[in-house]
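A short reminder: the numbers here are calculations on the coordinates, not readings from a lab. Just so it is clear, the model here is predicted, and its values are computed rather than measured. Every residue, glycine as well, gets a Cβ built from its backbone with ideal geometry; the counts of neighbours run over all protein chains shown.
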Amino acid sequence: MYAVIKTGGKQYRVSEGDILRVEKLSAETGDVVAFDEVLMIGGEGDSLVGAPAVDGASVTANVLDIRKDKKIKVFKKRRRQNYRRTKGHRQWIAVISVAEILKPGTKSKLDAKPAKVAADDAPAKKAAAPKAEKAAPKAKAAAAASDDLTQLTGVGPAYATKLNEAGVTSFAQIAAWTDAEIERLDGEISGLKAKAEKGDWVAEAKGFAG
């Protein structure tokens, strides 16, 4: 049996046991969510087609992970204007495993909550801007008291500032980096992983930290 569900403005054909990547949900890893917008159920007996959704039908799923997807690059160019811009973007997604496909009148064996796509974080970021401005003097003070990260290979003053803003202020932190931590920071600071591997920052930081 299969179903066609709609979430995040997209439609997915799912069967029990399928693992999907969908738009970020207002849920946490380990939660059970229910998708009530089921457009069609088929595969066993007569197919049920909604108008647009099948009343009383739902699909439950386990949330395996909430994370950022792979980075995509956005390149803009204007001819004969000497204009080129490259930006990276990593979209938040939810990784789910389909547990049940429930026809109308069928009760779920799982305690699921409605699946809702997470709201855009942009308004929250704008609202937090004044707080960030107030915190700027503290950040500058912390940077002034931190290690001189420009001693690392390939790190200039501007890049050292980016590291400080990401919370990296000492050689001891860099010396303790794991592959997972480098991957996380690479999503925040473009090119960090390549620079860190080329300059062998972890080994250098261990030497500077003593």
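With 28 Å as the limit, write out which pairs from 70/103; 68/198; 68/162; 70/109 have Cα-Cα distances beyond it, or answer none.
70/103; 70/109
Quick one: 28, 37, fewest Cβ neighbours within 10 Å first, how do they rank?
Details: 28 9, 37 17.
Listed from fewest to most nearby Cβ atoms, that is 28, 37.
Could you put 96, 5 in order, starting from the residue whose Cβ has the fewest other Cβ atoms within 10 Å?
By the 10 Å Cβ count, ascending: 5, 96.
In debye, nearest 20: dipole of the chain around its Cα centre with unit charges on the Cβ of K, R (+) and D, E (-)?
1560 debye
Work out the charge dipole of the chain with +1 on the Cβ of Lys and Arg and -1 on the Cβ of Asp and Glu about the Cα centre, then indicate which of 25, 9, 112 is farthest towards its positive end.
9
Per DSSP H run of at least 4 residues, take -39500 (n - 2.57); add these up for the chain, divide by its residues and hand me the 222 nm value, nearest 500 deg cm²/dmol.
Helix-only estimate at 222 nm: -9000 deg cm²/dmol.
Output ³J(HN,Hα) for segment 95-102: one whole-Hz value per residue in order, computed from phi by the Karplus curve 6.51 cos²θ - 1.76 cosθ + 1.60 with θ = phi - 60°, and x for Gly and Pro.
9, 10, 10, 5, 9, 9, 10, 10
Quick one: order 1, 40 by neighbouring beta-carbon count within 10 Å, fewest to most.
On the way: 1 11, 40 18.
Final ranking by Cβ density, sparse to dense: 1, 40.
Amide H to amide H under 5 Å from residue 31: which residues, 5+ apart in sequence or cross-chain, H placed 1.01 Å off N in plane?
The answer is 63.
State which stretch of the chain is the longest one without any exposed trypsin sites (Lys or Arg not before Pro), exposure meaning a DSSP loop state and at most 15 other Cβ atoms within 10 Å.
By the stated rule (loop sites, at most 15 other Cβ atoms within 10 Å), 117-210.
If you restrict to DSSP beta bridges whose two residues both lie in the chain, what percentage is antiparallel, to the nearest 5?
Working: 39 of 41 bridges.
So the antiparallel bridges in the chain amount to around 95 percent.
Count the net charge of all other residues whose Cβ sits under 12 Å from the Cβ of residue 179, scoring Lys and Arg as +1 and Asp and Glu as -1. Mind dumping the intermediate values first?
Details: positive: 184, 193; negative: 181, 183, 186, 197.
After counting each charged neighbour, the total is -2.
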